[in-house]
Amino acid sequence: MNRLLDANELRIWSRQHAGLQVWHAYDPVTGKHRRFASEADLRDWIDRRYYE
């Protein structure tokens, strides 16, 4: 199912790299892309991002 994205919406996806799952996040507001070794690390970053 496709849906329209808000232009400022955080984009999150995961991919396999060398047999490990790597989480990615792109913030279109800042233009920054981040990579995380775990979903927990990603969630921590998201929480901190909204409370800064």
* Please state the relative contact order of the chain as a whole percent: Cα pairs under 8 Å, 6+ residues apart? -> 25 percent
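To make sure I understand, if each residue's beta carbon is the centre and we count other beta carbons within 10 Å, what order do Arg48, Arg43 fall in, fewest to most? Could you put the intermediate results ahead of the total?
Working: Arg48 9, Arg43 13.
Starting with the residue having the fewest Cβ neighbours, the order is Arg48, Arg43.
Coordinate-derived values only; no laboratory data. Since the structure is predicted, the reported quantities are computational estimates derived from the model, not experimental observations. As a convention, Cβ positions derive from the backbone with ideal geometry for all residues, glycine included, and neighbour counts pool all protein chains shown.
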